[in-house]
Amino acid sequence: MASAYEAETVPTLRSFAEEALRLAAPPPGARLADVACGPGTLALVAASAGFAVDAIDFSPQMIALLEQTARERGVNGIHARVGDGQALPYPDGAHEAAFSLFGLMFFPDRARGFAELRRILRPGARAVVSSWQPMERSRAISALFGALQQALPPDGSPPPQPPPLLTQEACRAEMGQSFDEVAVHPASNQVPFPSATALWESMQRAAPPVVLARRRLGEEAWGTIAPEVGSALARSLGSGPVILDLHAWLMVGVAPERPRRSA
């Protein structure tokens, strides 16, 4: 999925990366960390602006794509490596800003992820972590996953749980265990598609929950489900152009002088 994610999702998420960098306000030339960096949406923006970036992700394919893109664009200043965001291979206080955009929210141990971000920051530096707002805020996303849930065969497993950090209160509570002065900022982006069909085709290639469902079911079963979802999506969204509206939270916290005991 890595190459499709880079091609179709990175342009969509770039505005969130630019806003996160603005909110962190690191000094010129500072060393930053991009944790769960994926194909480097934020790392490439930051390095192009003159920052030094330590980028880390658990997917070798994502790191390879980041390194390839940096070479092709002539972007210097990125040190990319495969690794675990819950056990960062960086010394204490080595960074002047740290980020995890739509990554830390999925960590098995989010508290450890926040604590590691705090550990690698100098006191007074900022971390920015993003998560998604409730799905119901996006008409297209609600229609898509509603249609997918209706089409998927029951398999006896419990219903999927909503993603974490959906509310400002939850964001403040979790980040506040490791950071001071936590503020939660809304951020939105709109992505046009020529039709509901085009949106569904893109989601099948690059949306992780859809790709995982397709892999779990296998291509034969997916060949029956996909047209059903596409038809339902077209009925919900109409036959004309479609806007995919994305709504996120950007959590900003300040690294305290001393780590919290709870971290």
Of (1) modelled with pLDDT of 95 or more; (2) crowded, with 17+ Cβ neighbours inside 10 Å; (3) in a helix (DSSP H, G or I), Leu144 satisfies all except one. Which? (1)
Condition test on Arg81, is it within 22 Å of Leu165 (Cα to Cα) and either in contact with an Asp or Glu (Cβ under 6 Å, 6 or more places away or on another chain) or free of Cβ contacts under 8 Å to residues at least 40 places away in the same chain (or both)? no
If a residue counts only when it is touching a residue at least 40 places away in the same chain (Cβ under 8 Å) and within 14 Å of Ser138 (Cβ to Cβ), which helices (runs of 4 or more DSSP H) contained entirely in the stretch 184-263 have at least 2 such residues? 196-206, 219-237
Test result for Glu181, of a type in the set (Asp, Glu), in a strand (DSSP E or B) and within 19 Å of Phe99 (Cα to Cα): yes
Selected residue (only one of Arg172, Arg122, Arg118 is more than 30 Å from Ile225 (Cα to Cα), basic (Lys, Arg), touching a residue at least 40 places away in the same chain (Cβ under 8 Å) and buried (at least 21 other Cβ atoms within 10 Å of the Cβ)): Arg118
Which pairs turn up if I take residues in the stretch 39-57 that are free of Cβ contacts under 8 Å to residues at least 60 places away in the same chain and look for partners that are of a type in the set (Phe, Trp, Tyr) with beta carbon separation below 6 Å, at least 6 apart in sequence or on another chain? Leu42/Phe99
Could you pull out every one of the strands (runs of 3 or more DSSP E) wholly within the stretch 19-126 that has 2 or more residues that are closer than 24 Å to Ala187 by Cβ? 31-35, 52-57, 95-101
Among the listed residues Arg112, Arg81, identify the single one that is over 20 Å from Thr41 (Cβ atoms) and surrounded by fewer than 20 Cβ atoms within 10 Å (Cβ to Cβ). Arg112
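The values are calculated or read from the model by the stated rules, or taken from the named source; none is laboratory data. Because the structure is a prediction, the values reported are computed rather than measured. As a convention, Cβ positions derive from the backbone with ideal geometry for all residues, glycine included, and neighbour counts pool all protein chains shown.
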